[in-house]
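Please treat every number below as a calculation from the coordinates, not as lab data. Since this is a predicted model, take the numbers as computed values, not measurements. Note that we place each Cβ from the backbone using ideal geometry, even for glycine, and neighbour counts take in every protein chain shown.
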Amino acid sequence: MPEQADQPTAGGARPSAEGTAQVPQPLASEVFLQEEFLETGLRHNWAFILIALILHGIVFMITFPEIKYQTRSVSTDRKVLTVRKYTPPPPKQQPRKQIERKITQKVPVPDPTPEEPEPIIEPEPPPEPEPLPEDVEILIGEPEPPPVTGPLMPGLAGVSEPELIPETRVEPEYPELARRARIQGRVILRAVIKKDGSVADIEVLREPQANLGFSDAAISAVKQWRYRPAMQNGRPVDVYFTVTVNFTLD
């Protein structure tokens, strides 16, 4: 069979003998269009290209000012106060004054009359005491004791005991409550026997039973008693004295 000539395909590529695809070749219309575009582009855009070149030349010819960065300097006009500890100056040492003392010596005075004896100077007699008046009584002996400021204790410092005057003894009345309760006993009192023999400052030291009237009956009876006062150095004094009052049922 006669060989058929290779015919181009619609895309411009011609199949090879082996039947594999080859690189497509550009068509004549496409080449014409590309050449037309280059010619018309250069023809219409030459003005823009020239302007761009002029502007680039101007940019390179212009010298722009340099930008200088100025740093702010910190002002050092502040006043700095320096405080120092005050140290007082050392005290001035005053020179020691040398005190000159004149040494005086007693020079004996020579006796103008050494042969004559020296006179004897007699001491002056003491002054005579004033005479005592005639109404003054002079007591010779032991001094009087100091005045007593309070009651004393019998038997001490020469103090005697007071003595009860029997005629003044009054028997106490028996309390009615104690009589009904059939209670009896004794009441012990401490009193002060005065200088005049009266009884004062009575205190209850002991009683058979409280709130039965023993202490009131004993105090009212003892207040009526009279004593011969205690004596000290021949003088009456106040003394403490213990009194016992008995209560017995008949």
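For the stretch 172-250, the square roots of the Cα gyration tensor eigenvalues, ordered a ≥ b ≥ c, give a/c of at least 1.5 with a/b greater than b/c, which places it in the prolate category.
One decimal place: the segment residue 196-residue 216 gains 4.8 nm when fully extended, by the rule 0.36 nm per residue minus the C-alpha distance. Name the residue from 199, 217, 187 whose Cα lies farthest towards the positive end of the charge dipole of the stretch 165-227, charges +1 on Cβ of Lys and Arg and -1 on Cβ of Asp and Glu. Most positive-ward Cα: 187.
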